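Trainee: Have a look at this one before I ask anything.
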Amino acid sequence: MAHVELTDLSKTFGAFQALQDISLHIEKGEFCALLGPSGCGKSTLLRLIAGLEDVTSGEIRINGRDVTDMEPADRKIAMVFQSYALYPHMTVAENIAFSLEAAGMPKAPRLARAAEVAKTLQLDHLLNRRPALLSGGQRQRVAIGRALVRDPEVFLFDEPLSNLDAMLRVQMRMELSSLHHDLAATMIYVTHDQVEAMTMADRIVVMDQGRIRQIGAPMALYAHPADRFVAAFIGSPSMNFLPGTITGTGAQLTLDLGRAAKPFTLTPRGQSAAKGPADLGIRPEHATLTAPDATDATLPARIRLVERLGNQTLVHLETAAGPFTLQGPGDLPAKPGDQTALSFDPSRAHVFGPDGKAI
Amino acid sequence: MSRRSRNRWVGLVYTTPALAFVSVFVLWPLCHVLWLSLTSRSLLGGGEFIGFDNYTRAFADKSFWQALEFTLTYTAYITPILLVLNLALALLTAADTPLRRLTRTVIFLPVVIGLASSSLLWYWLFDQQVGLFNKLLVDLGILTEPMIWFRKAASAQVAVTISVVWKVVGFGMILMVAGIQAISNDIIEASRIDGASSFLRVRRIVIPLAMRSIVMATVISVIGSMLAFDQFYLMTKGGPRGQTFTSVYWVFQNGFARFELGYSSALSVILMVIITSATALQLWLSRKGSKA
Ligand SMILES: Nc1ncnc2c1ncn2[C@@H]1O[C@H](COP(=O)(O)OP(=O)(O)O)[C@@H](O)[C@H]1O
Ligand SMILES: [Mg+2]
């Protein structure tokens, strides 16, 4: 039995369908990321699980209990809001202890418990401060402390790092990961940042327009995106898409990328293919530069711009099939204006049919 | 001209209309009253500078202090009634649903009626022979026969209080609704997840976070009650036996019934000092309270 079970969840706001037929099983102790562009319904799904929003249809079970119609407080969940939602007029200690106060615990023990939690989050010296006097990272920690003190079955996070600066975000990412490791608790984590999802999650649920597009472990999604949307959303810089035509099907797929290019052959992975238009998907790091007349040259290209980041180089190219971004080592020999050619590794190439599905 | 001094001039130009308004309608009358209070001016003109004579007379004027005592008593009982009703109505109608918006509008409607009109309206509603309020109470079995509300000071005050509460309760309610609505939804939701009951949420989250507007509504209602006049002038005429004379009523009596403009100005100045100090005290107390 999964720890959190969502069955055929749908949610409408008036006539607007925010979520449609969401079914998802999350195992005990799993770190599950809900990933998708802004407005795709991630927060709504999290709020349904939290009980802050009523489901339109479907069922939510936590640890085997049907919680679909339960009050948030009775679901044994805790939530960290994007805005942190700390109580501004209460001290750090009172913020952390508030759920205990609501549960009727007397003042002395609940403040002692809050102090204990604060200590694990290195907040013990701030117990009597108000949130307004804390830094972003400290507020974040208080919000986590408020969740921890309830000892919940499931932790819910709604883009908790999006208000932090880049450096703090990296640090908090590691802290959340080690928190997950230490507590071995089930965590559901909403983000639109694929880096957060990739680095922290055991499993990623990619969402778009109120539907689940694909569920999988980070590297599985990266290596085998089910469709063009997932392929484009995961990975940075984003995957290149070159429009082409399937001219040969069967055990080997032949793809024609237009004039200038040589036909490209690869082994299909997904559904069966038909002849006709299709997109070739190549990740920036899965292409190499080669001489235009070399045998492995597939597509002639001209270098437009070279960005050197030290440990890697991003090369922006123009090809007859459209723009292309390539990622190579820091010392990659390349300069703007060079005529060159792209070579693709067929085992790491993706083909997407006209419906966007991987072939 | 340096940029800075230019900015200063531009700022002054922009605030001129407001400054002009305040000067003509606040500062000038204030100075005029201060000056009048030092004269023996009559409403018909004349009079001369008499220094602080009006003030020494006021301090010895038993009727004035009685009126002030009555005003303070009136303020002391109507303020908590309004505070509780304001808050209760605000809590009940703060959520933005069509029904609650409608309720809010209906409760707010009397605020836009003049106090004088509403006092007259209620005077008739309380009338012993034709008053609908009396009829209602009799029909409901609360009274056995229509009563004469304005014969006794106590029942007269009840009548005035009912009419004033009806007239002004919407104002404080709207201020508090604004304060409650300004609380971030996330915070309310966080408290739901933390398991707070409605009562705990109101006590520990909503009231503290809406405190500014609660204090503001209370201060405005205290000032309004200290300046009470229309309702008593129109409903009780200060009676029975002068038991419901308010301070402003006494100022009015001296200025416009006895024509002693200079003396009534001095009374106004004393009243102004008292109300200003009371307001300052309330704001100071509330600030101290929110820091603690
Ligand atoms: N209370 C609501 N009323 C109406 N529409 C809403 C409400 N909450 C969310 N939506 C809509 O549902 C969609 C998904 O919102 P949300 O779950 O917040 O997206 P995400 O968190 O993925 O950015 C958006 O189009 C949003 O406008
Ligand atoms: Mg969101």
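Laboratory data are not the source of any read-out in this text; all were calculated from the coordinates shown. Fair warning: this is a prediction, and the values are worked out from it, not measured in the lab. All Cβ positions, glycine included, derive from the backbone under ideal geometry; neighbour counts span all protein chains shown.
Trainee: Which of the GluC sites (Glu not before Pro) across region A:13-114 are loop residues per DSSP, with 14 or fewer other Cβ within 10 Å? If you can, show how the numbers build up before the last one.
Mentor: Values: sites: A:GLU27, A:GLU30, A:GLU53, A:GLU59, A:GLU94, A:GLU101; in loops: A:GLU27, A:GLU30, A:GLU53.
Hits after loop and neighbour filter: A:GLU27.
Trainee: Two decimals is fine: what's Rg over Rh for chain A, C-alpha atoms, Kirkwood radius as Rh?
Mentor: In chain A, Rg relative to Rh is 1.07.
Trainee: Can you give the log10 of the normalised intensity I(q)/I(0) at q = 0.14, 0.22 Å⁻¹, computed with Debye over equal Cα scatterers of region A:237-352?
Mentor: -0.54, -1.21
Trainee: Taking the alpha-carbon centroid of each part, what is the distance from region A:1-72 to region B:1-56 in angstrom?
Mentor: 66
Trainee: How many angstrom lie between the C-alpha centres of region B:147-170 and region A:312-359?
Mentor: Taking the Cα centre of region A:312-359 as reference, the centre of region B:147-170 is 85 Å away.
Trainee: Among the lysines, which fall within straight-line cross-link reach of A:LYS357, defined as a Cα-Cα distance under 21 Å, with same-chain neighbours fewer than 8 residues apart omitted?
Mentor: A:LYS275
Trainee: OK, next. Would region B:30-181 count as rounded, prolate or oblate if I go by the C-alpha gyration tensor, calling it rounded below 1.5 in a/c and otherwise prolate when a/b exceeds b/c, oblate otherwise? Intermediate results must be reported in sequence, preceding the final value.
Mentor: Values: a/c = 2.58, a/b = 1.56, b/c = 1.66.
Oblate shape, in that a/c is at least 1.5 and b/c is the bigger or equal ratio.
Trainee: How well do other chains shield peptide A:151-164, expressed as the mean number of their Cβ atoms within 10 Å of each residue Cβ? Intermediate values should be presented prior to the final figure.
Mentor: On the way: counts 0, 1, 0, 0, 0, 1, 0, 1, 0, 0, 0, 0, 0, 0.
Per-residue shielding by partner chains comes out at 0.
Trainee: Still on this structure: Please rank B:LEU82, B:LEU91, fewest neighbouring Cβ atoms within 10 Å first, as an exposure proxy.
Mentor: On the way: B:LEU82 25, B:LEU91 18.
Ranking B:LEU82, B:LEU91 by Cβ neighbours within 10 Å, fewest first, gives B:LEU91, B:LEU82.
Trainee: If you line up the Cα atoms of the protein assembly as shown on their principal axes, what length do they span on each, largest first, in Å?
Mentor: So the three principal-axis extents are 115, 72, 52 Å.
Trainee: Quote the relative contact order of chain A in percent (integer), defining contacts as alpha-carbon pairs under 8 Å separated by 6+ residues.
Mentor: This gives 15 percent for chain A.
Trainee: Can you count the Lys pairs in region B:55-291 whose Cα atoms are under 25 Å apart, with each pair 8 or more apart or on different chains? Write down the numbers at each step before the final one.
Mentor: Numbers: B:LYS62/B:LYS152; B:LYS62/B:LYS237; B:LYS135/B:LYS152; B:LYS135/B:LYS167; B:LYS135/B:LYS237; B:LYS152/B:LYS167; B:LYS152/B:LYS237; B:LYS167/B:LYS237.
Within region B:55-291, the lysine pair count is 8.
Trainee: How well do other chains shield peptide A:71-77, expressed as the mean number of their Cβ atoms within 10 Å of each residue Cβ?
Mentor: Details: counts 3, 7, 7, 1, 1, 0, 1.
Mean shielding count: 3.
Trainee: Here's a follow-up. Could you state the angle between the C-alpha long axis of helix A:92-102 and the longest principal axis of the C-alpha atoms of chain A, as a value from 0 to 90 degrees rounded to the nearest 10?
Mentor: 70
Trainee: Follow-up. First check a/c for chain B, with a ≥ b ≥ c the square roots of the eigenvalues of its C-alpha gyration tensor; if it is under 1.5, answer rounded, and if not, answer prolate when a/b is larger than b/c or oblate otherwise. It would help to have the intermediate numbers written out before the result.
Mentor: Values: a/c = 2.10, a/b = 1.12, b/c = 1.88.
Taking the square roots of the gyration eigenvalues as a ≥ b ≥ c, chain B is oblate.
Trainee: Right, another one. Test of understanding: ordering B:TYR249, B:TYR233 by Cβ neighbours within 10 Å, fewest first, what list do you get?
Mentor: On the way: B:TYR249 23, B:TYR233 19.
Fewest-to-most Cβ neighbours within 10 Å comes out as B:TYR233, B:TYR249.
Trainee: Report, to the nearest 10°, how far helix A:136-148 tilts away from the longest principal axis of the Cα atoms in chain A, using its own Cα long axis and a range of 0 to 90°.
Mentor: 60
Trainee: How far, in degrees from 0 to 90, does helix A:166-183 lean away from the longest principal axis of the Cα atoms of chain A, to the nearest 10?
Mentor: 60
Trainee: Follow-up. Per residue of A:89-99, what is the mean number of Cβ atoms on other protein chains within 10 angstrom of that residue's Cβ?
Mentor: Details: counts 8, 3, 0, 0, 0, 1, 2, 0, 1, 8, 6.
That average works out to 3.
Trainee: Something else now. I'd like to verify something in chain B: which complete DSSP H helices, judged by Cα projection on the helix axis, reach 27 Å or more and average at least -1.0 on the Kyte-Doolittle scale? Before the final figure, lay out the partial values.
Mentor: Numbers: long enough: B:3-22 (28 Å, -0.07); B:62-93 (45 Å, 1.14); B:153-181 (40 Å, 1.62); B:261-291 (45 Å, 0.87).
Answer set is B:3-22, B:62-93, B:153-181, B:261-291.
Trainee: Is it possible to state the helix-based mean residue ellipticity at 222 nm for the protein assembly as shown, with each DSSP H run of 4+ residues giving -39500 (n - 2.57), the sum divided by total residues, to the nearest 500 deg cm²/dmol? What is it?
Mentor: Details: 22 runs with 283 residues, N = 651.
Counting only the DSSP helices, I get -13500 deg cm²/dmol.
Trainee: Comparing B:ALA178, B:ALA217, B:ALA159, which has the greatest mean-square fluctuation in the GNM of chain B with Cα pairs linked when under 10 Å apart?
Mentor: Of the options given, B:ALA178 has the highest mean-square fluctuation.
Trainee: Related question: Fewest to most neighbouring Cβ within 10 Å: what's the order for B:PHE245, B:PHE199? Walk me through the numbers on the way to the answer.
Mentor: Values: B:PHE245 24, B:PHE199 8.
With the sparsest Cβ surroundings first, the list reads B:PHE199, B:PHE245.
Trainee: Taking the alpha-carbon distance from A:LYS119 and a cut-off under 19 Å, which lysines remain once sequence neighbours fewer than 8 residues away in the same chain are dropped?
Mentor: Cross-link targets: A:LYS107.
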